[in-house]
Amino acid sequence: MKITSLEDLRKIKASATDQTSARSEGKTRIIIGLGTCGIAAGARAVMEAVLEELSKRGLKDVSVEGTGCIGMCQQEPLLDVIRPGEPRITYGLVTVQDVPRIVSEHLVNGRIVEDRLIGRAD
Amino acid sequence: MPTYRSHVLVCGGTGCVAGGSQIVQARMKEELVKKGLDKEVLVVQTGCHGMCELGPIVVVYPEGTFYTRVQPDDVKLIVEEHLYKGRVVEKLLYKPSEKMESVKHYNELPFYAKQHRIALRNCGYINPDNIEEYIARDGYQALAKVLKEMTPDDVINEMKTSGLRGRGGGGFPTGMKWEFCKKSVSDKKYTICNADEGDPGAFMDRSILEGDPHSVLEGMAIGAFAMGADEGYIYCRAEYPLAIKRLKTAIAQAEEYGLLGRNIMGTNFSFEIHIKEGAGAFVCGEETALMASIEGERGMPRPRPPFPANKGLWAKPSNINNVETWANVSPIIINGGAWYASMGTEKSKGTKVFALTGKVKNTGLVEVPMGITIREIIFDLGGGIINDKAFKAAQIGGPSGGCLTEAHLDTPVDYESLTAAGAIMGSGGLVIMDEETCMVDVAKFFLEFTQRESCGKCVPCREGTKQMLLTLERITRGEGTMEDLDKLEELAVMVKESSLCGLGQTAPNPVLTTLRYFRHEYEAHIREKTCPAKACAALIQYIVNPDLCRKCGLCAKNCPVTCISGDRQTPYVIDQSKCIKCGTCLEVCPFKAIRKE
């Protein structure tokens, strides 16, 4: 497509920025426990649900990371949310059904989902 | 469009490709499919990260984990451990030294801490074959700004304010050069990119072209708008096939998006770019020779004036800038000339890219603010000398430059200070030498290069460099006289002052600086017939110490000219008349019984 105006360039920049957003820093992070314990408890399904929910809602400025076992295997799948400038919130025993709730409540509206909360770290 | 949670950046610069990064990349894609991760993890090929010593390099985002020396067999581990299970693969992280902790993140590497990347802003971060990734990083915003909001004079004023000087080595203020060309009245003008990088050990321009070709295209288009040109050439040596391939892709994409070609972004401005592949002659980096070569003539320089700004390519006003200079244009337009001028020293603004090579731990590409000291570049960024040997000299500016000694380590890197020390900024080659390097041999090496590359048009360069080389060869064979030294110096000054172009005018620099700072080494070769660094083959001997020799026979087995004799009962002996001084015996002896003297 030919760029004939600043508006055209701006549009391409916006969509291209989304494509490369995984490489930018300083945004909300979701960290999922993907140790053997996490995977056995269904963390992969949770991860896929998170990605699906994010793309459904068009949320681009969120990074989704995996991490190894942190020792709380009985609480797996673990899912942490870190919003910029806020403490790290850890959810335990997260199911695929919980994911849309965590995304809409916590990520979008900043309200912690209390019934899955197991810890916060500053 | 799927959202990828993770991007795996595999370096596709020439260094890493030589190290097998293409296989790593292919294997990565296979493994991701096997694990069902190909919908959530994207593999991206980037340009050079600069840390070529540690290649092939793989960076995993969003974490920014920096994996080094990744071999095809390591790929499975990265996929299974990091991407599937979220565990960082410790063994592939960079460890600056045994005692230090390994470095996880890109930004934590000491190599990057002191860098300030402007020309290299996108290298290693974007896929050079995808114009949209360049646009995402503010690409073509500067061109849009220029076309929609600025006049050609505004652009030139901004370039003048920035204080940017030609990065190819000359150091002429870019804004002024553009102004000269703009003021020339003509129906046709050209902008040219000099990508004929030919210094031994230099790869700044190649890495920019391979890693971020659009930055050069955009800079050229902005320059063309400012000067009133509608056609441009990139003169790139054919030895850079990857750079040429990526440039071709980039030009085709820019044309498809209407960012090059007719009526750019819907305006009246039209500009097209051609690539001219050079055959790799060093002299074609000289601007008048370069233009002759584009015209299809033999690549030879001509006297100036007339300068290219008045009478250049096909006798039309032309402007030639180096790759790195062009790559700096867009950030200056976006952020303003004052922003660029806030970096660097009084007379040398901004940053400079150096290719760090030789006996330094971290071989690679660095972009540093002007005014940084040579010591910081070698010891902080470069990590010091290999095997912690003593630093002896740094050759800055390639075969046209000069060497700097330990006494110059705290010299700030700027055009004036380096010239005062007898060296030049040059295009950015920085070759580090340790105590085992013979300075006479180094001078000979560089002169061999310039002598071979001399086009032969003017007598001082053609004959002068040849005689200088013959003299140096005599000295390194131990056949020189003290008189040779005076003649060498006299000839060097003569060649410097009377050659036609930059090649001849700078060719004697390595000789003059080594004579100035390492005269004692020349004298040792002449008076004592010894090479203090034990590097000149004619002046050294390999000798077996019979007390240490365990008569294993490995040296004799490996000697390419079978000049070592001995057996289980008698220690081995080297026949000096047949020895070619290759040093193989010393390397293979397990008992360190062979010495060089």
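The values are calculated or read from the model by the stated rules, or taken from the named source; none is laboratory data. Model, not experiment: these values are computed from the prediction. Backbone-built Cβ (ideal geometry, glycine too); neighbour counts: all protein chains shown. Accessible surface is based on the protein model in full, side chains and every heavy atom, while ligands, DNA and RNA are left aside. Shrake-Rupley method; radii C 1.70, N 1.55, O 1.52, S 1.80 Å.
Results, tabulated for the structure shown:
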read-out	value
Top-ranked residue of region B:479-498 - restricted to ones that are small (Gly, Ala, Ser) and open to solvent by less than 10 Å² (accessible area, probe 1.4 Å), ranked as nearest to residue B:169 (Cα to Cα)	B:492
Hits in region B:119-154 (condition: within 25 Å of residue B:371 (Cα to Cα) and surrounded by fewer than 23 Cβ atoms within 10 Å (Cβ to Cβ))	B:121
Residues within region B:180-204 that are within 8 Å of the chain's Cα centre (by Cα) and at pLDDT 95 or above, tallied	0
Any helices (runs of 4 or more DSSP H) falling wholly within region A:1-88 and containing at least 2 residues that are closer than 30 Å to residue B:264 by Cβ and at the interface with chain B (Cβ under 10 Å from one of its Cβ atoms)	A:6-19
Odd one out for residue B:157, checked against (1) within 13 Å of another protein chain (Cβ to nearest Cβ); (2) at negative phi; (3) open to solvent by 50 Å² or more (accessible area, probe 1.4 Å)	(1)
Any hit, region B:217-226, residues being touching a Lys or Arg at 6+ places or on another chain (Cβ under 7 Å) and on the phi < 0 side of the Ramachandran plot	yes
Per-region count, region B:118-149, residues of a type in the set (Asp, Glu) and more than 9 Å from chain A (Cβ to nearest Cβ)	2
Evaluation of residue B:115 against (1) within 14 Å of chain A (Cβ to nearest Cβ); (2) touching a strand residue (DSSP E or B) at 6+ places or on another chain (Cβ under 8 Å) (one fails), failing number	(1)
Which numbered condition residue A:54 fails, given (1) open to solvent by less than 40 Å² (accessible area, probe 1.4 Å); (2) touching a Phe, Trp or Tyr at 6+ places or on another chain (Cβ under 9 Å)	(2)
Residue match in region B:182-193 (condition: within 12 Å of residue B:325 (Cα to Cα) and either of a type in the set (Asp, Glu) or assigned by TED's automatic domain parsing to the domain that holds residue B:281 (or both))	yes
So residue A:118, is it open to solvent by less than 10 Å² (accessible area, probe 1.4 Å), in a strand (DSSP E or B) and among the hydrophobic types (A, V, I, L, M, F, W, C)	no
Failed criterion for residue B:573 (all others in (1) surrounded by fewer than 18 Cβ atoms within 10 Å (Cβ to Cβ); (2) without any contact (Cβ under 8 Å) to a residue 24 or more places away in the chain hold)	(2)
In region A:104-115, the residues that are open to solvent by less than 70 Å² (accessible area, probe 1.4 Å) and under 26 Å from residue A:71 (Cβ atoms)	A:106, A:107, A:112, A:113
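Per-residue answers, yes or no, for (1) under 30 Å from residue B:244 (Cβ atoms); (2) among the charged types (D, E, K, R); (3) more than 10 Å from chain A (Cβ to nearest Cβ):
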residue: B:40; (1), (2), (3): no, yes, no
residue: B:67; (1), (2), (3): yes, no, yes
residue: B:73; (1), (2), (3): no, yes, yes
residue: B:81; (1), (2), (3): no, yes, no
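Per-residue answers, yes or no, for (1) crowded, with 20+ Cβ neighbours inside 10 Å; (2) closer than 30 Å to residue B:429 by Cα; (3) aliphatic (A, V, I, L, M); (4) not assigned by TED's automatic domain parsing to the domain that holds residue B:208:
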residue	(1), (2), (3), (4)
B:52	yes, yes, no, yes
B:56	yes, yes, no, yes
B:64	no, yes, no, yes
B:92	yes, yes, yes, yes
B:96	no, yes, no, yes
